[in-house]
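Below is one structure; the comments refer to it alone.
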Amino acid sequence: NFSKMENVTNLQSISYNQEKKFLKILDQLELPHKTKYLDIKNAKDAWKAVKTMQVRGAPAIAIVGCLGVAIELSTAKLSSKEELHTFFAEKMEYITTARPTAVNIHGAAKFLKEYSAKLLEDTSCNLTSMKEKIISQIETMLETDVDDNKRIGKFGAEDIVSRLNGENAKILTHCNTGELATAGYGTALGVIRHLRELGKLEKVYCTETRPYNQGARLTAYELLQEKIDGTLICDSMVSLLMKMKKIDAVVVGADRVAGNGDTANKIGTYQIAISAKYHNVPFYVAAPFSSIDLSLSNGDSIPIEFRPDDELAYINGIRIAAPVSEKRDLGVIVDCQCKLSTDAKSVSSSAFQSLKMIKRTISK
């Protein structure tokens, strides 16, 4: 239990100066031991930060990636609208290659390239205006993300409260879905925050989230910062926790949601969903509309990311796994995203309910 620990500073994962076109991100690889900010000066810096998980979380990946391109575009010497459009489209294509599973950056890139193409064809829009409008469009992503997260938090919390029969909620969450994974407030952690605001939160349990320990390093740190009563558990304790404690809901985020509600999220989510089904614990996916990929009919088509095996075998440069003769022996079990089916055999409550929550949230 870490609710009584002190001296935790406020966190801001993305710091952007709109006037100076200056972007800093909190290096999440250093947390919780150091608070270190990195300058992002161009698309290459953004790509590296996303790839190495110095910034992570589907919404934050999209925002940092697009802002990195915007900063580079702001100083680029371009002689025509055609050159600008080609330059911008190539940079957006490049930034999407950093991590494949999170759909937000792919959706943002598609929208922004189409927006650039429209400006290219608009004869009333000159070169300077085209550049300014593209950059301005990207900058709105920060405010939009926070607004969406607060609405998701409100709607999700209200739905959980409606099932509580008057008592306060005990919530289990996985990975990190708070301010560090978004522009602010968070998705699944936003639901938890709003439960606390309603006075209906009793306790939060967060998993360590191996192999990169986002729960232990980041979610626990955010709960400390918010002074939310929380307990960190090891990943293998989830089923026992549900048996011994009355868990009222599991709330997780998402990297991509297919058209039928199948969801890809951090490795470990699948077994939590199965355990929740067995113990009759409601299971919620909290995500913005930008995480939904309607081009995919089901989760079988969601690209799954396989991370380097060193992330499983090492912690802070210290090897914790026995050495193997060939790296591929570890490569098949290393940190990747998992697919969560909407099949009733796999989840405790249909992800369609979560999709309804997402869509109603956006419509509000």
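The residues on offer are 140, 123, and the sole one that is surrounded by fewer than 13 Cβ atoms within 10 Å (Cβ to Cβ), within 26 Å of residue 55 (Cα to Cα) and β-branched (Val, Ile, Thr) is 140. Scanning the stretch 99-111 for residues that are more than 20 Å from residue 122 (Cβ to Cβ), open to solvent by 20 Å² or more (accessible area, probe 1.4 Å) and in a helix (DSSP H, G or I) returns 106, 107. For residue 316, the conditions (1) crowded, with 18+ Cβ neighbours inside 10 Å; (2) modelled with pLDDT of 55 or more; (3) not hydroxyl-bearing (Ser, Thr, Tyr) all hold with the exception of (1). The residues of the stretch 8-66 that are out of contact with any Ser or Thr (no Cβ under 8 Å at 6 or more places or on another chain) and assigned to a strand (DSSP E or B), listed by number, are 14, 15, 16, 17, 22, 38, 39, 40.
A quick yes/no check of all residues on (1) under 27 Å from residue 192 (Cβ atoms); (2) out of contact with any strand residue (DSSP E or B) (no Cβ under 8 Å at 6 or more places or on another chain); (3) open to solvent by 10 Å² or more (accessible area, probe 1.4 Å):
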residue	(1), (2), (3)
262	yes, no, yes
267	yes, no, yes
276	yes, no, no
285	yes, no, no
291	yes, no, no
296	no, no, yes
306	no, no, yes
310	no, yes, yes
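In this structure, does residue 74 turn out to be of a type outside the set (A, V, I, L, M, F, W, C) and farther than 29 Å from residue 303 by Cα?
Values: of a type outside the set (A, V, I, L, M, F, W, C): yes; farther than 29 Å from residue 303 by Cα: yes.
Considered against the rule, which asks whether it is of a type outside the set (A, V, I, L, M, F, W, C) and farther than 29 Å from residue 303 by Cα, residue 74 comes out as yes.
Tell me, which residue of the stretch 73-98 that is among the charged types (D, E, K, R) and within 26 Å of residue 52 (Cα to Cα) is surrounded by the most Cβ atoms within 10 Å (Cβ to Cβ)? The qualifying residue surrounded by the most Cβ atoms within 10 Å (Cβ to Cβ) is 91. Residue check: is residue 153 touching a Phe, Trp or Tyr at 6+ places or on another chain (Cβ under 7 Å) and either among the small types (Gly, Ala, Ser) or part of a helix (DSSP H, G or I) (or both)? When the stated conditions are applied, residue 153 passes them. Applying the set (1) at pLDDT 95 or above; (2) out of contact with any strand residue (DSSP E or B) (no Cβ under 8 Å at 6 or more places or on another chain); (3) open to solvent by 20 Å² or more (accessible area, probe 1.4 Å); (4) outside any loop (DSSP other than H, G, I, E, B) to residue 159 leaves exactly one unmet item: (2).
Specify which of the listed residues (223, 180, 232, 201) is of a type outside the set (Ser, Thr, Tyr), closer than 16 Å to residue 32 by Cα and open to solvent by 10 Å² or more (accessible area, probe 1.4 Å).
232
The values are calculated or read from the model by the stated rules, or taken from the named source; none is laboratory data. This is a predicted model, so every value here is computed, not measured. When we count neighbours, we look across all protein chains shown, and the Cβ atoms used for this are built from the backbone with ideal geometry, even at glycine. Just the protein is used for accessible areas: all its heavy atoms, side chains included, with ligands, DNA and RNA removed. Shrake-Rupley method; radii C 1.70, N 1.55, O 1.52, S 1.80 Å.
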